[in-house]
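Colleague: Here it is: the structure, laid out below.
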Amino acid sequence: MKTTILKLSSALFLFLSMAKQLHAQDIVGTWEGKLYIQGTETPLLFSIKSEDNTYTSTMDSPSQGATGIPMDETTFIDNTITIKFNQGGIKYTGKLKENIITGTFYQGGMKLPLSLSKTVKTLPGNIALPTSNEELAKLSNWKISNYKYNVDDYFAKPKASSFSFSANGTYLSYREKDENAKNHVYVKNLETNEVKRVIEEKEELIRGFGWANDNRLIYIMDKGGNENYHLFAVNIDGTNQKELTPFNGVKVNIIEILKEDKNHMIISMNKNNRQIFEPYKINIDTGNLEQLYKNEDLANPINSYVFDKDGKLRGFTKMRDGVNIDLYYTIDDKNYNLKKKLSWKDNFNIAAFNYTSKNPHEAYVVSNLDSDKNQIYLYDLKKDKIVEKLFSNKNYDVSGVSLSRKRNYELDYFSFQGEKKEIVPVSKYYKKLHKKITSKFPDYNYSIADVTDDESKYLIFLQSDKLYGIYYSYDSAKEKFELLYNLMPNLLESDMAEMRPITFKSRDGKTIHGYITLPKAALNGNRVPVIINPHGGPQGIRDSWGFNPEAQLFASRGYATLQINFRISGGYGKAFLESGFKQIGRKAMDDVEDGLQYVIDKGWVDKNKTAIYGGSHGGYAVLRGLTKTPDLYACGVDYVGVSNLFSFMKTIPPYWKPYLKIIKEIWYDEDVPEEKVIMEEVSPVYQIDKIKKPLFVVQGANDPRVNIDESDQIVEALRAKGYDVPYMVKYDEGHGFTKEKNRIELYKAMMGFYAKHLN
């Protein structure tokens, strides 16, 4: 009898164990559901695993481009699943019944029903296309040589960075990297030297942070590089950490840190409509929101807001017909009246109000309405007239205006980018400070990284073409400089390459500027291989003089780097910018080719050893270069580049859609028959047969600007023709790689690719 009972008990135990195992298997897998928030559908996926009766899970938010976010806690008890993500303030709990989980999703005070059903998890793009890690490792190790500096020396993030003072000067905040390459935020009490970690970086990167007031920091994060930034805040002792904008699929822009209202700031969000942004005053302690203005005209939306130091909305610009801009301004703080009708090509930017004037409507304005180059004016916004022209440069757009809050908003200096950064002191105080800095550090660009409210302490940031960057503190009472931190002390200036400004004439007579970084062999009279590096954008962007880790890495391997500010680049005036409209992939590429010929004629580079590499528009330029002039380049590296202009314009982020007409004026419009023909001509995916040289393609899977399909198309089309195209995809990145591990892997593979095809 005892034996029988024992056998029955064993069978029962086995049955119960099997039942428990079956239930565990039922919950394991990927579950998909949809949240409905204010009429907006937001898909969510939870992937649940079980090992030794311990559950783990990750969450995906496809609309935000976020994949594989590790959850902090996953439990499955009595057919009830509970999942928590502490950093995002997220909790989900639901009951499993007949392959459906019915439950509730909690976040930021919201309580929403969410039912989940089993699905098969998919990753962005064609997952069969990316090259295996093993094959990419082989590429990285191609003909490894011994160099003084390795890839990590250039692309590992500094041990500490991003220093800034609290407004009262009591504290110093900064980032510090741990052994896992996570960059946490610390606060140091400058009076007691006590240091505390206040923000811990986990799976998602801290994209930026700063002081909201003397006792509280703000920071922003997105999901996997999707650029839908959320705003967070934390006390300087690490307490009261809060996500202030817990809205799925919503992007936050910071408009104003309110020095006069230390508990609030002004932000904008596309919370009510993903295509347009509206302004809010947000409480940095509680997250309470006050919407300051409604942006309801989707056909003619507001695209920028102008606030003063007190947080008053003084004006805004509104789009008209997709290509024009109207400036509205208020005299009475209630009614906003049309002041100016502008083309989107015009610039009339209110940089700051002139608080020293008795006229409250007087402002510093950067404008090109009366000139080719941007100039700086004092402007009466009420009377709509120039008070005084303050500053201009005949060769370059001017842009920067700096005021002193301590000295009643006295005008300190103007700045602009010429061949190098230029600072033009105005006030007596700043002329003295500028002279002290430039006398002490004559061979460097400097910037004021931070200053306390009482101007007793300054953070001076120094950089050059050979110096990654050094912070100095400056005590204004003692007139004393003190070294604070050298970001990359391992990179000796004496070992770095020179970046030279260059100027040449294009084939149609236009003056073009750029830079070449030359390795020592070129300075000794030898022709060296060259990597042409067209910039992104392309409109309004330009390359500038300073430390470029890519160019320095290339120089250390014996390659020159050529950067051309081709027509459509910014900083050289309206006519130069507009001369590149409808010329992307055509005359803009001619300028790149003419720049190459210029440095060949100078005797610096070997015309038979030329590579082309770039990101975003620069990636497009790589593909276009390999199809436009297929014999010119030995190889190319396309980094998040456009391959098909038609599909590119159909996959832009929703908040770009109001600007689609402008994008078509800059690029091309497929609704215009002759331009559609040009689009086919300059879209590399339609010119595959012309590609002769090796190509390496790199893509972030969550890229909101250049969809992964752009890279998939070119890789798939070339492989169909028998080409071996290495393809690196990172599923936790967006428009460019920002995680240290991924960046280092990219540049190691890139250097292997050049060693294979350029030497």
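The values are calculated or read from the model by the stated rules, or taken from the named source; none is laboratory data. Treat the numbers as computed from the prediction; the structure is a model and nothing was measured. Note that each Cβ is placed from the backbone with ideal geometry, even for glycine, and that neighbours are counted across all protein chains shown. Just the protein is used for accessible areas: all its heavy atoms, side chains included, with ligands, DNA and RNA removed. Shrake-Rupley method; radii C 1.70, N 1.55, O 1.52, S 1.80 Å.
Colleague: In region 483-552, which trypsin sites (Lys or Arg not before Pro) fall in coil by DSSP and have 13 or fewer other Cβ atoms within 10 Å?
Modeller: 507
Colleague: Just the Cα atoms of region 597-636, one point each, no solvent: what log10 I(q)/I(0) does Debye give at q = 0.23 Å⁻¹?
Modeller: -0.75
Colleague: Using a 1.4 angstrom probe on the protein heavy atoms only, could you order 394, 294 from most to least accessible area?
Modeller: Heavy-atom accessible area, descending, gives 394, 294.
Colleague: If a paramagnetic tag sat 7 Å from the Cα of residue 345 along the Cα-Cβ line, which residues of region 352-385 would have the backbone N under 12 Å from that point?
Modeller: Under cut-off, by backbone N: nothing.
Colleague: Could you put 31, 656, 211, 142 in order of accessible surface area, largest first, with the 1.4 Å probe and the full protein assembly present?
Modeller: 142, 656, 211, 31
Colleague: Distances over 51 Å make up what percent of all Cα-Cα pairs in the chain?
Modeller: 17
Colleague: In square angstrom, what is the accessible area per residue of region 470-531 with a 1.4 angstrom probe?
Modeller: Normalised by residue count, the accessible surface of region 470-531 is 50 Å².
Colleague: Turning to a different aspect of this structure: At a 1.4 Å probe radius, which order do 50, 173 fall into by accessible area, largest first?
Modeller: Listed by decreasing accessible area, they come as 50, 173.
Colleague: For region 467-506, just say rounded, prolate or oblate: build the C-alpha gyration tensor, square-root its eigenvalues into a ≥ b ≥ c, call rounded for a/c under 1.5, and beyond that prolate if a/b exceeds b/c, oblate if not.
Modeller: Oblate, since a/c reaches 1.5 and b/c is not below a/b.
Colleague: To one decimal place, what Kirkwood hydrodynamic radius in Å is obtained for region 395-542 from all pairs of distinct Cα atoms?
Modeller: Mean inverse Cα-Cα distance, inverted, gives 18.1 Å.
Colleague: With all protein chains present, calculate the accessible area of residue 496 using a 1.4 Å probe and round the result to the nearest 10 Å².
Modeller: Answer for residue 496: close to 10 Å² accessible.
Colleague: Further, regarding this structure: With a ≥ b ≥ c taken as the square roots of the eigenvalues of the C-alpha gyration tensor of region 38-195, please select rounded if a/c is under 1.5 and otherwise prolate if a/b is larger than b/c or oblate if it is not?
Modeller: Oblate.
Colleague: In addition: Along region 227-233, what does the Karplus equation 6.51 cos²θ - 1.76 cosθ + 1.60 (θ = phi - 60°) give for ³J(HN,Hα), rounded to whole Hz, x for Gly and Pro?
Modeller: Ordered by residue, 3J(HN,Hα) equals 6, 8, 6, 10, 9, 10, 9 Hz.
Colleague: So which GluC sites (Glu not before Pro) in region 220-286 pass both tests, a DSSP loop state and at most 13 other Cβ atoms within 10 Å of the Cβ?
Modeller: Qualifying residues, ordered by number: 260.
Colleague: Show me the helices of the chain, taken as full DSSP H stretches, that run 27 Å or more along their long axis by Cα and average 0.5 or above in Kyte-Doolittle hydropathy.
Modeller: Those that pass (Cα extent of 27 Å or more, hydropathy at least 0.5) are 2-27.
Colleague: From the backbone phi of region 342-356, what are the Karplus-calculated ³J(HN,Hα) couplings (6.51 cos²θ - 1.76 cosθ + 1.60, θ = phi - 60°) in whole Hz, Gly and Pro given as x?
Modeller: Computed from phi, the couplings for region 342-356 are 10, 7, 4, 7, 7, 10, 9, 10, 7, 6, 5, 7, 8, 6, 7 Hz.
Colleague: Same structure again: Shape call for region 220-326 from the C-alpha gyration tensor, a ≥ b ≥ c root eigenvalues: rounded (a/c under 1.5), prolate (a/b greater than b/c) or oblate?
Modeller: Taking the square roots of the gyration eigenvalues as a ≥ b ≥ c, region 220-326 is oblate.
Colleague: Next question. Of all the C-alpha pairs in region 326-444, what % are more than 21 Å from each other?
Modeller: Considering region 326-444, 45 percent of its Cα-Cα pairs are separated by more than 21 Å.
Colleague: Out of all Cα-Cα pairs in region 620-759, roughly what percent, to the nearest whole number, are more than 21 Å apart?
Modeller: 45
Colleague: Per 0.36 nm of contour for each residue apart, how much would the distance between residue 359 and residue 651 grow if the chain were fully extended, relative to their Cα-Cα spacing?
Modeller: Gain in length upon complete extension: 100.4 nm.
Colleague: May I have the pair-distance distribution P(r) for region 502-566, computed from all Cα-Cα distances with 10 Å bins from 0 and rounded to whole percent?
Modeller: Histogramming region 502-566 at 10 Å steps yields 21, 47, 28, 4 percent.
Colleague: Whole number please: convex hull volume per residue, Cα atoms of region 270-398, in Å³.
Modeller: Taking the convex hull of the Cα positions in region 270-398, it is 137 Å³ per residue.
Colleague: Quick one: accessible surface of residue 56, probe radius 1.4 Å, all protein chains present, in square angstrom to the nearest 10.
Modeller: In the full protein context, residue 56 sits at about 80 Å².
Colleague: For the chain, what is the mean residue ellipticity at 222 nm derived from helices alone (per DSSP H run of n ≥ 4: -39500 (n - 2.57); sum divided by total residues; nearest 500 deg cm²/dmol)?
Modeller: Helix-only estimate at 222 nm: -6000 deg cm²/dmol.
Colleague: Now for a different question. Hey, what's the Cα Rg ratio for region 620-659 versus the globular rule of thumb, 2.2 N^0.38 Å?
Modeller: Taking the Cα Rg and dividing by 2.2 N^0.38 Å, one obtains 1.48.
Colleague: Ok, one more. Residue 703's amide H: which non-local residues (gap 5+, or another chain) put their own amide H closer than 5 Å, with H modeled 1.01 Å from N in plane and none for Pro or chain starts?
Modeller: 708
Colleague: Please identify which residues in region 464-486 have an amide N closer than 19 Å to a label point set 7 Å out from the Cα of residue 432, following the Cα→Cβ vector.
Modeller: 474-482
Colleague: Ignoring ligands, DNA and RNA, what percent of the 1.4 Å accessible area of the chain is carbon and sulfur?
Modeller: 48
Colleague: I need the phi-derived Karplus couplings for region 95-112: 6.51 cos²θ - 1.76 cosθ + 1.60, θ = phi - 60°, integer Hz, Gly and Pro marked x.
Modeller: Karplus values, whole Hz, x for Gly and Pro: 9, 7, 8, 6, 6, 10, 9, 10, x, 10, 10, 10, 6, x, x, 7, 9, 10.
Colleague: Provide the net charge surrounding residue 452, with neighbours chosen by a C-beta distance below 13 Å and charges set as Lys +1, Arg +1, Asp -1, Glu -1.
Modeller: -2
Colleague: On a C-alpha basis, how far is the centre of region 84-147 from the centre of region 263-335 in Å? Whole number, if you could?
Modeller: Between the Cα centre of region 84-147 and that of region 263-335, the gap is 35 Å.
Colleague: Measure out, as a whole number of angstrom, how far apart the alpha-carbon centroids of region 369-414 and region 602-656 sit.
Modeller: The two parts, judged by their Cα centres, are 37 Å apart.
Colleague: Inverting the mean 1/r over all pairs of different Cα atoms, compute the Kirkwood radius of region 464-539 and quote it in Å.
Modeller: That comes to 16.2 Å for region 464-539.
Colleague: Say R0 is 51 Å: what FRET efficiency, to the nearest 0.05, do residue 87 and residue 601 get from their beta-carbon distance?
Modeller: Efficiency computed from Cβ-Cβ geometry: 0.35.
Colleague: Separate question: When all protein chains stay in place, what accessible area (Å², nearest 10, 1.4 Å probe) is found for residue 312?
Modeller: Approximately 100 Å² of residue 312 is accessible to the 1.4 Å probe.
Colleague: Output the relative contact order of the chain, whole-number percent, from Cα pairs under 8 angstrom with separation of 6+ residues.
Modeller: It comes to 9 percent, rounded to a whole number.
Colleague: Nearest 0.05, what FRET efficiency do residue 36 and residue 408 give at R0 = 60 Å with Cβ-Cβ as r?
Modeller: 0.70
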